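Since the structure comes first, as structure tokens, the remarks are kept for the end.
The values are calculated or read from the model by the stated rules, or taken from the named source; none is laboratory data. Owing to the predicted nature of the structure, the values given are computational and were not obtained by experimental measurement. Counting neighbours? That spans all protein chains shown, and the Cβs are built from the backbone with ideal geometry, glycine included.
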Amino acid sequence: MKYDYLIVGAGFFGAVFAREATAKGKKCLVVDRRNHIGGNCYTETVEGIHVHKYGAHIFHTSDKAVWNYINQFTEFNNFINTPVANYKGEIYNLPFNMNTFSRLWGISTPAEAKAIIESQRGAVTDPKNLEEQAISLVGKDIYEKLVKGYTEKQWGRSCSELPSFIIRRLPVRFTYNNNYFSDRYQGIPEGGYTAVFERLLEGIEVRLNCDYLKDRESLRAMADRVIYTGPIDEYFGYCYGPLQFRSLRFETEILDTDNYQGSAVVNYTDRETPFTRIIEHKHFEFGAQPKTVITREYPADWSLGDEPYYTVNDEKNNALYARYAEKAAEEQGVYFGGRLGEYKYYDMDKVIASALDLCGKLL
């Protein structure tokens, strides 16, 4: 059978493009090497709880067009992301705000907080590494307790060895507002993310456990055009060398309690705790189930064959990606998109916007 579009990847980029192309009368085939749709946003139901299989995904955007678009396929539950930080048993609110400062220093006014931060910033005007950059932004106390350990675990290197651009800014609010995001719209899809993808892909042929790169010749012959959302370097056989990522490892367990930590997300900001955070999935949807499901998230080094999570967008890797992007531009009838196809850390709303932009160009 001949298709108008072969779409590689059933995450947001691929699913949105497939939905819009189908609405325009195009015949689409979606393939994914995993055994499920939804990419890293996939949720599975355990003990009646929608478990975020690949880490916490909280939808947030200030793009009204994207918000209106995704609301065609789900309703959101008004979840507000208010994570907390655990530093050796001390609990602090995130992002850094007056609740954080009050707990940290025993103060109560914005003026007091600003004065303390200013006194701790030091005189660094040209930060040479992440440590200097962070201290110049938020002062030494916040850096030591809430930035240093978490960041070193996340990247697997000392903050003094990490480039300053990783933290261009840190959210500091001099209000008692624990909402982590400043976006206008926010929430978790009612029924979990997988249900959103089922609606996006309704009536569209999907083949799972199907690795496009292993069967490229026969699959490519089935369609006029390809939308490719996999790793761009893998597509070209790593001809210039592999792009770098950080990976993650998850430990998930069911606990015989109705409430383990009282928050959907708790970050562990000391260096000694091996995981960066614990997710308690039921709190994303105000769950009242008798049991709970938690996931510990461990950062991990990445090597070829591991699941890529975080792009390492330093100067070296961006230059390498630019070479692949130049090669991709010459690939006739193939369009690259999404986090892996564009080697870019993408929030979900930006992926949807990017997919809709490509739809506007091709459809």
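For the reader, a short list of remarks on this structure follows.
- Any hit, segment 47-61, residues being of a type in the set (S, T, N, Q) and surrounded by fewer than 17 Cβ atoms within 10 Å (Cβ to Cβ): no
- Count - residues of segment 25-39 that are out of contact with any strand residue (DSSP E or B) (no Cβ under 9 Å at 6 or more places or on another chain) and either acidic (D, E) or surrounded by fewer than 24 Cβ atoms within 10 Å (Cβ to Cβ) (or both): 2
- Index of the failed condition, N78 passing every other in (1) closer than 26 Å to V138 by Cα; (2) in contact (Cβ under 8 Å) with a residue 12 or more places away in the chain: (1)
- Scope segment 262-280; condition touching a residue at least 24 places away in the same chain (Cβ under 8 Å), under 17 Å from I80 (Cβ atoms) and more than 15 Å from the chain's Cα centre (by Cα); matching residues: S263, A264, V266, N267
- Subset of segment 345-363 [surrounded by fewer than 16 Cβ atoms within 10 Å (Cβ to Cβ) and at pLDDT below 95]: Y345, L363
Quick grid of which residues meet (1) surrounded by fewer than 15 Cβ atoms within 10 Å (Cβ to Cβ); (2) in a helix (DSSP H, G or I); (3) in contact (Cβ under 8 Å) with a residue 40 or more places away in the chain; (4) hydrophobic (A, V, I, L, M, F, W, C):
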position	(1), (2), (3), (4)
R296	no, no, yes, no
P299	no, no, yes, no
D306	yes, no, yes, no
L320	no, yes, yes, yes
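- Among (1) modelled with pLDDT under 95; (2) farther than 21 Å from D183 by Cβ, the one test that N78 misses: (2)
- Pairs linking a residue in segment 146-162 that is surrounded by fewer than 22 Cβ atoms within 10 Å (Cβ to Cβ) to a residue that is part of a helix (DSSP H, G or I) and of a type outside the set (S, T, N, Q), with Cβ atoms under 7 Å and 6 or more positions apart or on different chains, are E152/C159; S158/E152; S160/E131; L162/L130; L162/W155.
- Against the list (1) farther than 30 Å from F12 by Cα; (2) touching a helix residue (DSSP H, G or I) at 6+ places or on another chain (Cβ under 8 Å), the condition Y69 fails is (1).
- Options Y228, Y150: the member that is within 27 Å of G14 (Cα to Cα) and among the hydroxyl-bearing types (S, T, Y): Y228
- Per-region count, segment 150-193, residues closer than 18 Å to L94 by Cα and among the small types (G, A, S): 2
- Scanning segment 282-317 for residues that are in contact with a strand residue (DSSP E or B) (Cβ under 9 Å, 6 or more places away or on another chain) and of a type in the set (S, T, N, Q) yields Q289, T292, T295, S303, T311, N317.
- Where T311 falls short, out of the listed (1) in contact with a helix residue (DSSP H, G or I) (Cβ under 8 Å, 6 or more places away or on another chain); (2) at pLDDT 95 or above; (3) of a type outside the set (D, E, K, R): (2)
- For segment 79-119, the set of residues classified as part of a strand (DSSP E or B) and surrounded by fewer than 18 Cβ atoms within 10 Å (Cβ to Cβ) consists of E90, I91, listed by residue number.
- The number of residues in segment 322-338 being without any contact (Cβ under 8 Å) to a residue 60 or more places away in the chain and part of a helix (DSSP H, G or I) comes to 3.
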